[in-house]
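The values are calculated or read from the model by the stated rules, or taken from the named source; none is laboratory data. This is a predicted model, so every value here is computed, not measured. Cβ atoms come from the backbone with ideal geometry, glycine included; neighbour counts cover every protein chain shown. What goes into the accessible areas is simple: the full protein's heavy atoms, side chains included, and nothing from ligands, DNA or RNA. Shrake-Rupley method; radii C 1.70, N 1.55, O 1.52, S 1.80 Å.
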Amino acid sequence: GEVTYEELPDIYNNARMSLNQLPWFKMGMHDRTPLAMINGCVSITDESRYMRERIPDGCGVVYYSLEDMEKAAGDIRNMIDSVTSTGETNILAHRGMKFAEEQFTWEKWAEEFATITQRYPLQSVQV
């Protein structure tokens, strides 16, 4: 069934991993990924250059390729197995939560926006 945006934090908070596919803006990141991370849920997602630059390996995200879904399915099965056997997924989720708390809060986004607007001030346009 359909899930509303308001329901996502509770869902992520009660899940161990989230399977995500980016919309067609492949140079950015959808907020589902940091929302999952900040709620202690590993985000399994296809990648973008922006995400690879912003989120290092081992920080709450597992990337998969849309070009190799067989490998993605195997990686997901291994993660499910690790939840019960080694706890590795729980460690990854914890690292992701800490990373998101440091990098992906609204306060951090506002600071980044302020920095960008200072660097590239708007110029008035005469009409």
Residue selected from the stretch 107-122 under the condition under 18 Å from the mean Cα position of the chain (by Cα) and closer than 16 Å to ARG54 by Cα, by the criterion modelled with the highest pLDDT: LYS108
Qualifying residue in the stretch 109-126 (condition: of a type in the set (Val, Ile, Thr) and open to solvent by 90 Å² or more (accessible area, probe 1.4 Å)): yes
Extreme residue, modelled with the lowest pLDDT, among residues of the stretch 64-89 that are touching a strand residue (DSSP E or B) at 6+ places or on another chain (Cβ under 9 Å) and open to solvent by less than 30 Å² (accessible area, probe 1.4 Å): VAL83
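Among the listed residues SER48, SER82, identify the single one that is small (Gly, Ala, Ser) and touching a residue at least 12 places away in the same chain (Cβ under 8 Å). Give the steps one after another, and end with the answer.
Values: SER82 fails: touching a residue at least 12 places away in the same chain (Cβ under 8 Å).
On inspection, the qualifying residue turns out to be SER48.
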Candidates LEU92, LEU35, filtered to the one that is in contact (Cβ under 8 Å) with a residue 12 or more places away in the chain, touching a strand residue (DSSP E or B) at 6+ places or on another chain (Cβ under 8 Å) and part of a helix (DSSP H, G or I): LEU92
Selection from the stretch 4-32 of residues that are surrounded by fewer than 13 Cβ atoms within 10 Å (Cβ to Cβ), part of a loop (DSSP other than H, G, I, E, B) and either touching a residue at least 24 places away in the same chain (Cβ under 8 Å) or at positive phi (or both): GLN21
Qualifying residues in the stretch 35-63 (those that are under 19 Å from ARG16 (Cα atoms) and of a type in the set (S, T, N, Q)) - the one most open to solvent (accessible area, probe 1.4 Å): ASN39
Check on THR117, of a type in the set (Ser, Thr, Tyr) and touching a residue at least 40 places away in the same chain (Cβ under 8 Å): no
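Quick test for you: out of GLY40, GLY1, GLY58, pick the one residue that is modelled with pLDDT under 90 and under 19 Å from PHE99 (Cα atoms). Walk me through how you get there before you give the answer.
Working: GLY40 fails: modelled with pLDDT under 90; GLY1 fails: under 19 Å from PHE99 (Cα atoms).
After applying the criteria, what remains is GLY58.
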Residue match in the stretch 22-30 (condition: more than 15 Å from GLU101 (Cβ to Cβ), over 12 Å from the mean Cα position of the chain (by Cα) and of a type in the set (D, E, K, R)): yes
